[in-house]
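One structure is given below, encoded as structure tokens.
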Amino acid sequence: MKPKSSIENAVLASPLVIFLLAMLGFPVVLSVIYGFSEARFETIASPTFNGLANFRQVVADPAFWQASWFSLRFGVTTALLQCALGLFLAVYLAPLVRRHAWIVAILIIPMVVAPAMVGLMYRLVLHEFVGPLPYYLNLIFGSSPSFLNIANVFKTVVIVETLQWTPFAFLLFLTAYEAIPKEMREAAAVDGTRPWRMFWRIEFPLMFPTLFAAFFVRFIDGFRVFDNIYTLVGPGPGGSTTSLSIYIYETFLRRGEIGKAMAAAILLFISAFLLLALAQQMMRRRG
Amino acid sequence: MNLKTYLRVGSTALALFASATALQAQVTVLGWPGGPEEAALRAAAEIYNAKPEVTAENKVDLLFTSRDGFFDKLQVDLAAGSTAFDVNLIATYSIGKYAPYMEPIDLSADASKVFGDTVLKTMQFDGKQYGVPTDLSLHFLYYRKDLIAALMADDAAKAKYGEISKKYLGEALQPKAPEEWTWQDFAANALYFSQSVNPDSPTKYGTVLQMKNLLFNMMVFHSWPRSYGGNWMDDAGKITVDSDAYRKALEMAKMLYDAGATPADSTSYEYAEANAAYSSGQVAAMVQWNAAAADLTKAQAETGSFSPPAGPDGRFTHIHGLGLGINKATDNKEGAVAFLNWLASEEAAVAYAKAGGAPGLTPETAAKLAADRPDLVQVSDYASKYGFVMNGGTSANALTVYEAQAKEFTGYWAGTQDLDTAMKNITASMTELLKK
């Protein structure tokens, strides 16, 4: 087919561009304006420019650093766990999945549930008096840990996130694993390569780019976690489960400090962007 | 159909819609959606609209959205000058926040006879009345009558009770009827009925404290420091939260948590979790909202209730109310004022209560509901005798103060920071939030 003229292309693409500008561009511009302004709900229609004051407030706020540290720990831990578990499941279950493809549909069910619902569900499941898990642990072992007290709450939210999102990593790894040419495995087997060595020397290196991408996607997702933690335990005693997204939400809507919240959101965006750029560069270098 | 036909049909539909809208009620009331509050407001509006003196342009139309994020959305609407509603819901702890976008209202002297001054005060800010109180919330002490009766009838148990209170509270206490409890008695009872302290206890926990980092949990807690004389600030506006009263109450709560008198997961507990714990039969007593009375009594038939325990300064219960006030951007102030004045009458309050609402009423008005709503008699009695609002409790940043307290105090209870740090932080936050 003959290519259309550039004017025609522009005209045809304009509705989408206008839609994206209105739906994404406008809020982004507004957020940037508020980030550099003194803005509260009372002055939302007439924000006054205050330079970097909001950013100074944010970086001087110990709660911001506490939330950043939580997000970083949570992002790294959950991404590592999900990738490790996902990789194990993909390799271990691959022969079974080849015979019964419907197993994949069952394994990815947790991913389909809204994270907020997952938080609410575990609030019930882990409750000492009505939750099935403490009930059976008590029945079998005579006692049950307090899943949501200060000593265990971090581990609990990490496990909840891992259980929900490991299927995502599993799906990526399974695809990558199945994409490895059969001939490679056959040639290695003919040469007498043992399965463990075959995995580390052939399959794992071939899957590494997928592993790298999965880790970063899961890390970014974990770093900006909100829904399931907020509905399960809220900001936590003393702010101990406050992620950066929860910090921004509470600063914006609970405390009405719109400028400060937007400044924190801009910092979150910049850090996520830099991390992704770094990841991309590392991938390119490796490639 | 061609374009002309489409346009003709569209114009006719629009004209019909416009004329139908013109016939609609002219005072739009944004109410608290769902639950008994919505049912009660619907019943009251129906009575009001049926009155012959209410003209068509002053009839009431009700608007309900969702409870989820209600106050956040309301704040945005009011700040944007929305005219989608003439009358809107307000709550004691957020009046100051919404006051710049609302019109104060002058209620007749009869309102005082219907609700009483303590309850009317829950809708005041800067000395002005911003709304008509519709529903009142306060706290009850819920306790297991059967357990207390068994304890008081057993001399060996009493001796054990004395030993435990001596060890943990520094004085040997004797069991008392909950109507006579001080917070010391509450703590002694909580310790005695906890298996971590007293392995022979019939319940696993003596109490259940709501220690989640959540602003509403601070409302449940602060009757405790108030009874020791605590307040947010003095009349001169100086923040007084770092006081012996607050320290004593916070320390006692932490002592109960550390002793295992409340579940270890209490730092993630709010209303629902605490009710589930009590309903399981494994908790001897708790302080909880009056709204839980029916559920708790249904789950544990031997449940008694009274106002929260007393302290050296007396017996207190936090009260706050929901109410309805006037949107400053209203197009129909006259109609809104007329409706709210009627809502403040005895006729409206009684109708509202009979339809399921929970207004705080004077004993005289509540007596008229004794047959239909005996629970309201108790609520009204406690509200008028023990109800309090902290200094600054209706200010613009009252909710944020609760939030800040929740963060600092739960941090202390969970052991992430010491009491001095919590006090230093909360004093700094409240000084900033409550400055004039």
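Note on the stretch B:58-102: among residues that are within 11 Å of chain A (Cβ to nearest Cβ) and part of a loop (DSSP other than H, G, I, E, B), the one that is surrounded by the fewest Cβ atoms within 10 Å (Cβ to Cβ) is B:68.
Scanning the stretch A:141-153 for residues that are assigned to a loop (DSSP other than H, G, I, E, B) and open to solvent by less than 30 Å² (accessible area, probe 1.4 Å) yields a count of 3.
Scan the stretch A:154-175 for residues that are open to solvent by 10 Å² or more (accessible area, probe 1.4 Å) and either within 14 Å of chain B (Cβ to nearest Cβ) or touching a Cys at 6+ places or on another chain (Cβ under 7 Å) (or both) and the total you get is 3. Would you confirm whether any residue within the stretch B:383-395 is within 14 Å of another protein chain (Cβ to nearest Cβ) and under 28 Å from residue B:210 (Cα atoms)? Scanning the stretch B:383-395, I find at least one residue that is within 14 Å of another protein chain (Cβ to nearest Cβ) and under 28 Å from residue B:210 (Cα atoms), so the answer is yes. For the stretch B:103-120, a tally of residues being out of contact with any helix residue (DSSP H, G or I) (no Cβ under 8 Å at 6 or more places or on another chain) and either open to solvent by less than 10 Å² (accessible area, probe 1.4 Å) or modelled with pLDDT of 90 or more (or both) returns 2. Looking at B:403, B:432, B:408, just one residue is over 24 Å from residue B:309 (Cβ atoms) and over 20 Å from the mean Cα position of the chain (by Cα), and that residue is B:432. Checked against the criterion of being within 14 Å of chain B (Cβ to nearest Cβ), assigned to a loop (DSSP other than H, G, I, E, B) and open to solvent by less than 30 Å² (accessible area, probe 1.4 Å), the candidates A:234, A:238 yield just one match: A:234. Within the stretch A:251-271, if we keep just the residues that are open to solvent by less than 20 Å² (accessible area, probe 1.4 Å) and out of contact with any strand residue (DSSP E or B) (no Cβ under 7 Å at 6 or more places or on another chain), the residue that is modelled with the lowest pLDDT turns out to be A:256. Applying the condition of being open to solvent by 50 Å² or more (accessible area, probe 1.4 Å) and away from chain B (no Cβ under 11 Å) to the stretch A:115-134 and asking which residue is farthest from residue A:177 (Cα to Cα) yields A:132. Restricting attention to the stretch A:62-112, the residues that are closer than 30 Å to residue B:417 by Cα, open to solvent by less than 30 Å² (accessible area, probe 1.4 Å) and either touching a Leu at 6+ places or on another chain (Cβ under 7 Å) or not aromatic (Phe, Trp, Tyr) (or both) total 7.
Looking only at the stretch B:197-213, residues that are over 12 Å from residue B:266 (Cα atoms), within 12 Å of chain A (Cβ to nearest Cβ) and hydrophobic (A, V, I, L, M, F, W, C) come to 0 in all.
The set of residues in the stretch B:174-193 that are open to solvent by 20 Å² or more (accessible area, probe 1.4 Å) and among the hydrophobic types (A, V, I, L, M, F, W, C) contains only B:177. Pairs linking a residue in the stretch B:224-243 that is more than 24 Å from residue B:287 (Cα to Cα) to a residue that is among the acidic types (Asp, Glu), with Cβ atoms under 8 Å and 6 or more positions apart or on different chains, are B:240/B:234.
Considering B:416, B:365, the condition of being within 14 Å of chain A (Cβ to nearest Cβ) and either in contact with a Ser or Thr (Cβ under 9 Å, 6 or more places away or on another chain) or farther than 19 Å from residue B:132 by Cα (or both) is satisfied by B:416 alone. Would you check if there is a residue in the stretch B:357-379 being among the small types (Gly, Ala, Ser), more than 22 Å from the chain's Cα centre (by Cα), in the same structural domain as residue B:344 (by TED's automatic domain parsing) and in a helix (DSSP H, G or I)? For the stretch B:357-379, residues among the small types (Gly, Ala, Ser), more than 22 Å from the chain's Cα centre (by Cα), in the same structural domain as residue B:344 (by TED's automatic domain parsing) and in a helix (DSSP H, G or I): present.
Suppose the filter is within 28 Å of residue A:271 (Cβ to Cβ) and modelled with pLDDT under 95; does residue A:63 pass it? Here the answer is yes, as residue A:63 does meet what is asked.
Condition check: part of a helix (DSSP H, G or I), among the aliphatic types (A, V, I, L, M), within 14 Å of chain B (Cβ to nearest Cβ) and in contact with a Gly (Cβ under 7 Å, 6 or more places away or on another chain). Does residue A:229 satisfy that? When the stated conditions are applied, residue A:229 passes them. Considered as a group, the residues in the stretch A:241-250 that are of a type in the set (Ser, Thr, Tyr) and open to solvent by less than 30 Å² (accessible area, probe 1.4 Å) include one that is farthest from the other protein chains (Cβ to nearest Cβ), and that residue is A:245.
The rows are residues; the columns are (1) open to solvent by 20 Å² or more (accessible area, probe 1.4 Å); (2) touching a helix residue (DSSP H, G or I) at 6+ places or on another chain (Cβ under 7 Å).
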| position | (1), (2) |
| --- | --- |
| B:328 | yes, yes |
| B:348 | no, yes |
| B:355 | yes, yes |
| B:358 | yes, yes |
| B:363 | yes, yes |
| B:368 | yes, yes |
| B:371 | yes, no |
| B:380 | no, yes |
| B:391 | yes, no |
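The values are calculated or read from the model by the stated rules, or taken from the named source; none is laboratory data. Bear in mind the structure is a predicted one, so any value in this text is a computation, not a measurement. Note that each Cβ is placed from the backbone with ideal geometry, even for glycine, and that neighbours are counted across all protein chains shown. These accessible areas exclude ligands, DNA and RNA; they are computed on the full protein's heavy atoms, side chains included. Shrake-Rupley method; radii C 1.70, N 1.55, O 1.52, S 1.80 Å.
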